[in-house]
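Structure record follows, encoded as structure tokens.
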Amino acid sequence: MSSNALPIGLYVHVPFCVRKCAYCDFASYAGRETDLPRYVDAVVQEIARRGRQTGHPAVDTIFLGGGTPSLLSASQAARLLDALADAFAIRSDAEITCEGNPGTLTQPFARALRTAGVNRLSLGAQAAPSRLLQLLGRIHDWTEVIASVEISRQSGFENLNVDLMFGVPSQSLSEWRETLEAAMALRPEHLSCYSLTVEEGTPIGNQIAAGTLALPDEAVEREMYELARQMLEQQGFQQYEISNFAREGFCCRHNLGCWTRVPYLGFGCAAHSFWGECRTWNSSSLDAYLAQQPPTSEPISPEEARFESVMLGLRMMRGVQDTDFTRRHGMSLRQAFGEKLDKPIHDGLLEWHAGSLRLTRHGMDLQNTVLVDLM
Ligand code: SF4
């Protein structure tokens, strides 16, 4: 039985990479490409099983993420998409995204994706200066980013996202400006600008802990974020989420679904699902996934669900609509959070706007403080 009459999202994780980047602690494996055929078989089986268990619900968005999905062969990608189409009722206007890393995206693969119905590509470009790409351990340089965009356009993609990263150790404000200018010259429809999260145990994390690398200081990082906002706005992009900017009509529907708690099913190693007020996740070990280790599940209490709605919803510029919150949770935001709303509103971090609760500009810099107040 479907948990929701509204269409859901689907995610397929492809945990293979050419090389492990120096900052990465995602579930991704380098040097395991020989396991790809076995992995695709396992994911195809999981898709069929979950389709049956969930009653073949309607689907509005699909996201092939990684890892590096562009390491799949054209026929492997088509098999995964066919399996999704067999197991779910995919809408004819569904948004279907595939991530691709510059240096791995080929024209035959991009053409095959387009033929198979993929209509959005997301490219992990990260930074224009070669010095920073090397420091991050990426396999590409900017000429390969340009080549990937050309391949995408020639293959018929009219909806491209480019991922960029700021707050990289030793990165200067002018290097960030150079990256933004280079990215805008690619004329993408969508840009994601993430600040680097330093993960313990990664090569970059180790170097920072040892004092051989230093992050830009907080004020510089804030300036970088402001610069992105200003430059992208001047170029006609609208910021619709803390890290995401889009030209009109090109917001990522899959991510909007996640931030508004639309149910989604994830397939593959480390993939998470949110279904029937329950979270489920597969092992992040590729070997455990291939050995069919069962997923882990935990229910979400009504109180957790209300907090999650606000935590995710406040990431979006439009905030959390009170009528939407009331429809989902059977009580208004004021009923759910009571006096806890007063302090962040009084401190100028939260505000009511057109029936929605949203972060102010200042509140966006202090999002964690607001969430602690609401906890
Ligand atoms: S390409 Fe992405 S997933 Fe793969 S190692 Fe680099 S950051 Fe990690």
Just checking, how many residues over the stretch 323-348 are in a helix (DSSP H, G or I) and of a type in the set (Gly, Ala, Ser)?
2
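Hey, does the stretch 194-211 have a residue that's under 14 Å from Leu227 (Cα atoms) and out of contact with any helix residue (DSSP H, G or I) (no Cβ under 7 Å at 6 or more places or on another chain)?
Going through the stretch 194-211, the residues under 14 Å from Leu227 (Cα atoms) turn out to be 194-195.
Subsequent filtering for residues that are out of contact with any helix residue (DSSP H, G or I) (no Cβ under 7 Å at 6 or more places or on another chain) retains 194.
There is at least one residue in the stretch 194-211 that is under 14 Å from Leu227 (Cα atoms) and out of contact with any helix residue (DSSP H, G or I) (no Cβ under 7 Å at 6 or more places or on another chain).
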Does the stretch 78-104 hold any residues that are out of contact with any strand residue (DSSP E or B) (no Cβ under 7 Å at 6 or more places or on another chain) and away from the ligand (no atom under 16 Å from the Cβ), and which are they?
Ala78, Arg79, Leu81, Asp82, Ala83, Ala85, Asp86, Ala87, Ser92, Asp93
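Here's the yes/no breakdown for (1) out of contact with any Asp or Glu (no Cβ under 6 Å at 6 or more places or on another chain); (2) free of Cβ contacts under 8 Å to residues at least 12 places away in the same chain:
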position	(1), (2)
Gln292	yes, no
Pro302	yes, no
Gly313	yes, no
Arg328	yes, no
Gln335	yes, yes
Pro344	no, no
Ala354	yes, yes
So which residues in the stretch 13-45 are assigned to a helix (DSSP H, G or I), under 22 Å from Gly266 (Cβ atoms) and either near the ligand (Cβ under 8 Å from one of its atoms) or out of contact with any strand residue (DSSP E or B) (no Cβ under 8 Å at 6 or more places or on another chain) (or both)?
Pro37, Arg38, Val40, Asp41, Ala42, Val44, Gln45
May I ask you to list the residues in the stretch 46-70 that are in a helix (DSSP H, G or I) and surrounded by fewer than 19 Cβ atoms within 10 Å (Cβ to Cβ)?
Ala48, Arg49, Arg52, Gln53
Suppose the filter is over 30 Å from Glu46 (Cα atoms), exposed (fewer than 14 other Cβ atoms within 10 Å of the Cβ) and out of contact with any helix residue (DSSP H, G or I) (no Cβ under 7 Å at 6 or more places or on another chain); does Glu218 pass it?
yes
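For every residue, the table says whether it meets (1) within 26 Å of His254 (Cα to Cα); (2) at pLDDT below 95; (3) within 21 Å of the chain's Cα centre (by Cα).
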{"position": "His140", "(1), (2), (3)": "no, no, yes"}
{"position": "Val162", "(1), (2), (3)": "yes, no, yes"}
{"position": "Leu173", "(1), (2), (3)": "no, no, no"}
{"position": "Arg187", "(1), (2), (3)": "yes, no, yes"}
{"position": "Leu191", "(1), (2), (3)": "yes, no, yes"}
{"position": "Ala214", "(1), (2), (3)": "no, yes, no"}
Report, by residue number, each residue of the stretch 328-375 that is under 22 Å from Tyr240 (Cα atoms) and of a type in the set (A, V, I, L, M).
Leu333, Ile345, Leu349, Leu350, Ala354, Leu357, Leu359, Met364, Leu366, Val370, Leu371
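The values are calculated or read from the model by the stated rules, or taken from the named source; none is laboratory data. Just so it is clear, the structure is predicted and the values come from calculations on it, not from any experiment. Note: ideal-geometry Cβ built from the backbone for every residue, glycine included; neighbour counts use all protein chains shown.
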